[in-house]
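To start, the structure under review is shown below, and the notes come after it.
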Amino acid sequence: MSTPAAIQVEGLGKQYRLGTRAHDTFRDLLADRFESIVRRRGSRQPAKEAFWALRDVSFEIAAGHNVGFIGLNGAGKSTLLKLLARITKPTTGRARIAGRVGALLEVGTGFHAELTGRENTFLYGAILGMSKQEVRRKFEAIVDFAGIKDFIDTPVKRYSSGMYVRLAFSVASHLEPEILLLDEVLSVGDLPFQAKCIAFVKRLQQSNATILFVSHNMFSIKTMCKRVIYLNKGEIRYDGPTDGGIALYEGDCRLSTLPWTERRPDEWTVRVTEIAVTDESGRPKSVFDHGERMRVRLEYEVRQQLEALNFIVAFVRSDGVACCNYSTETDGVSIDPVADHGVIELVTPPLSLVSELYTIHVLVRKKGFQEALSAQIGATFHVRHELFDTHFGVFHERAEWSVGGPEAVVRAR
Amino acid sequence: MSETGGLERITPEVVEIDSRVFDLDLRSVWRYRELIYFLVWRVLKVRYKQSVLGAAYAIIQPVFAVAVFTIVFGRFAKIPSDNVAYAPFVFAAVVPWNYFAEALRGCSSGLVDDSDLVRKVYFPRLVIPLAMVMAPVVDFALSFLVLLGLLLLYGIAPGWPVLLVPLFMFQAMLLALSVGLWLGPINVRFRDIKHTLPFLIQIWMYASPVIFPVSIVPERWRFLYSLNPMVGVIEGFRWAVLGKASPDFRAMGLSALLVLLVLLAGLFYFRKMEQSFADII
């Protein structure tokens, strides 16, 4: 017999009605009802828009396997975890989960600012489903893991955000579940703590736990999961080996609209039709050495006569940090398209970003950083350097030093 | 896993999630009883931490209310008090009334106050109203002690019925829960409850025999009046501590039955609504 399934999901779907939240008071509801009665004979009001956050999703995960869930914001990843965690009920379908479930959808919800670290440890433990004895037994280990021994009797409102998150995650990580639902929580805290978290997940893996992991960070997905499920607009677009899923996802992301805009690419006044990343001489490239220059070529179409466009190319690190951006306006270049399409090229200064994965975002705005005319995601690229990584900050540049004092010797390299 | 802790106890081995199935599932509430304890504990801890006087409020508030009632309604308005001094007469009603009002308030607004939890963590949502009707029991106990002190001062010695005090409190608890299980989910959807509740509670107080005795209600209306469940609670409480006329147990039984029906329906309503709390809160 093959490994038993830890999770079986069949035709799971969740429908939200847009506008359900609109009636925050009873009066609004009455007003709305009244309006709909009055309007009945005239123009029919459009029916409340229903939208499927998740639609007909089926999969099976064998016990002890890790699966990464990827997709743009709003693709349904978090909704899926919420359904599996029983926070909300599905509209259609069913799921069967065999094993003790621990869900970490957000770290530290339930902490009370006025209570001390010790008190919150017990409270949060109970919220996550641990018994008092269990928390008591693991208390030392929890405080140790969080590294906040000296502050355990201080109200958490006096904690730094780092300490707060560390304590919360520490409590959560002592749940010892058989099935863990993780939503992006590993990207919190400083690096030594993140390393601890990864170690914790590794340990869980060794104990044959099943882990469902939602993240935007393709690096973590690659290191943690052999299989990914890629959700797109609430449906499964890919389910299989990690590399294939990530390639598909990154391909789909290319030239797609940035999630915060809530507009489709064809609704923009300006549409970027191609973003090509090459080296200085124009050869396509996706891995750059620190200090190398990059050429970004944008092709675009305009839908109406416009002038003084501001093209902005931004580099966003895989953890969401916007690292730098180049704008035609700040660099004194004026773009006044005469035809309905055009090409624009950017050659960056020598890249001083540290070793990581970056995504290119392209924005087009009106002069003076007014109204956005386009906001799209372009390609991703890596920067490579053997020493400089995020421990060294966002970027690294060579500085000039001067050394005083009689015995000082400055050797030029 | 080497060490399996409380989770084993709390989450069942197999969780079935199904869009079509509805069940009342009170067992899961029982499994989460420790969370009820911690939520009650949190209410008390936080209150005593944030205020200088802390626990003293449980005493100060009813004492001042009774002082004002005694002066205004006892002295000026000369409202009769069944041949008992007005202060102990009204105090014996303020103690259960305050408990009820606080329990109802907490029960109705608890879900919204903890909306972060509701949105991000699974637990049987019934845990919240249950914790909210239990937390004010502590205040009730403290103010009850003050009441006993006052009785001593007035030379009133309660008889054996005083042992039934917990019973009347329990009835007030069930009543608060039965109403709160309806108001809580409505509050999630329509925040109007937040504005409506204070005056609902106030009107309910004047509709209950807090500042006056049931004996001033005309005889022929008395039975109907006694269907207000708080009438039985307050009259029963007065009977237990002051040893005066016993309440109309017939009406009390009927209203208790009503409360139980509302409570049962409330449980189903709450469970039904609970499934969408996280989506609309």
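The values are calculated or read from the model by the stated rules, or taken from the named source; none is laboratory data. This is a predicted model, so every value here is computed, not measured. Using ideal geometry, Cβ is built from the backbone for each residue, glycine included, and neighbour counts are taken over all protein chains shown.
Take A:Glu329 and decide whether it is farther than 17 Å from A:Asp279 by Cβ and free of Cβ contacts under 8 Å to residues at least 12 places away in the same chain. Please lay out each step first, then the result.
Values: farther than 17 Å from A:Asp279 by Cβ: yes; free of Cβ contacts under 8 Å to residues at least 12 places away in the same chain: no.
No: the conditions fail for A:Glu329.
Contact annotation: no residue pair with Cβ atoms under 9 Å, 6 or more positions apart or on different chains, pairs a residue in region B:236-257 that is closer than 18 Å to B:Leu152 by Cβ with a partner that is surrounded by 21 or more Cβ atoms within 10 Å (Cβ to Cβ) and hydroxyl-bearing (Ser, Thr, Tyr).
Is it the case that some residue within region B:108-125 is away from every other protein chain (no Cβ under 11 Å), in contact (Cβ under 8 Å) with a residue 24 or more places away in the chain and part of a loop (DSSP other than H, G, I, E, B)? Working first, answer last.
Our first condition is that a residue be away from every other protein chain (no Cβ under 11 Å); within region B:108-125, this holds for B:108-113.
Filter once more, keeping what is in contact (Cβ under 8 Å) with a residue 24 or more places away in the chain: B:108-112.
If we keep only those that are part of a loop (DSSP other than H, G, I, E, B) too, we end up with none.
Checking region B:108-125: not a single residue is away from every other protein chain (no Cβ under 11 Å), in contact (Cβ under 8 Å) with a residue 24 or more places away in the chain and part of a loop (DSSP other than H, G, I, E, B).
Run down A:Gly332, A:Gly368, A:Gly342 and say which single residue is surrounded by fewer than 18 Cβ atoms within 10 Å (Cβ to Cβ), more than 21 Å from A:Val383 (Cα to Cα) and in contact with a Phe, Trp or Tyr (Cβ under 7 Å, 6 or more places away or on another chain).
Details: A:Gly332 fails: in contact with a Phe, Trp or Tyr (Cβ under 7 Å, 6 or more places away or on another chain); A:Gly368 fails: in contact with a Phe, Trp or Tyr (Cβ under 7 Å, 6 or more places away or on another chain).
The match here is A:Gly342.
Residues are listed down the side, and each one gets a yes or a no for (1) of a type outside the set (Gly, Ala, Ser); (2) closer than 26 Å to B:Phe277 by Cα:
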position	(1), (2)
A:Ala85	no, yes
A:Thr92	yes, yes
A:Thr109	yes, yes
A:Phe122	yes, yes
A:Phe145	yes, no
A:Thr154	yes, no
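When region B:31-75 is filtered for residues that are within 11 Å of chain A (Cβ to nearest Cβ), part of a helix (DSSP H, G or I) and over 22 Å from the mean Cα position of the chain (by Cα), the ones remaining, listed by number, are B:Arg31, B:Lys49, B:Gln50. Of note, B:Ser28 does not satisfy the criterion of being more than 9 Å from chain A (Cβ to nearest Cβ), at pLDDT 75 or above, surrounded by 13 or more Cβ atoms within 10 Å (Cβ to Cβ) and in a loop (DSSP other than H, G, I, E, B). Just so you know, in region A:392-406 the residues that are surrounded by 10 or more Cβ atoms within 10 Å (Cβ to Cβ) and not small (Gly, Ala, Ser) include one that is nearest to A:Val316 (Cα to Cα), and it is A:Val394. From the list A:Glu299, A:Glu292, the lone residue that is over 26 Å from A:Ser355 (Cα atoms) and either among the polar types (S, T, N, Q) or in the same structural domain as A:Leu351 (by TED's automatic domain parsing) (or both) is A:Glu299. If I ask for residues that are over 10 Å from the mean Cα position of the chain (by Cα) and buried (at least 24 other Cβ atoms within 10 Å of the Cβ), which ones from region B:96-117 would you list? Those that are over 10 Å from the mean Cα position of the chain (by Cα) and buried (at least 24 other Cβ atoms within 10 Å of the Cβ): B:Ser108, B:Gly110, B:Leu111. Could you give me the residue pairs with C-beta distances under 8 Å whose first residue belongs to region B:175-197 and is without any contact (Cβ under 8 Å) to a residue 12 or more places away in the chain, whose second residue is among the aromatic types (Phe, Trp, Tyr) wherever it lies, and which are 6+ apart or on separate chains? So the pair list comes out as B:Phe190/A:Phe26; B:Asp192/A:Phe26.
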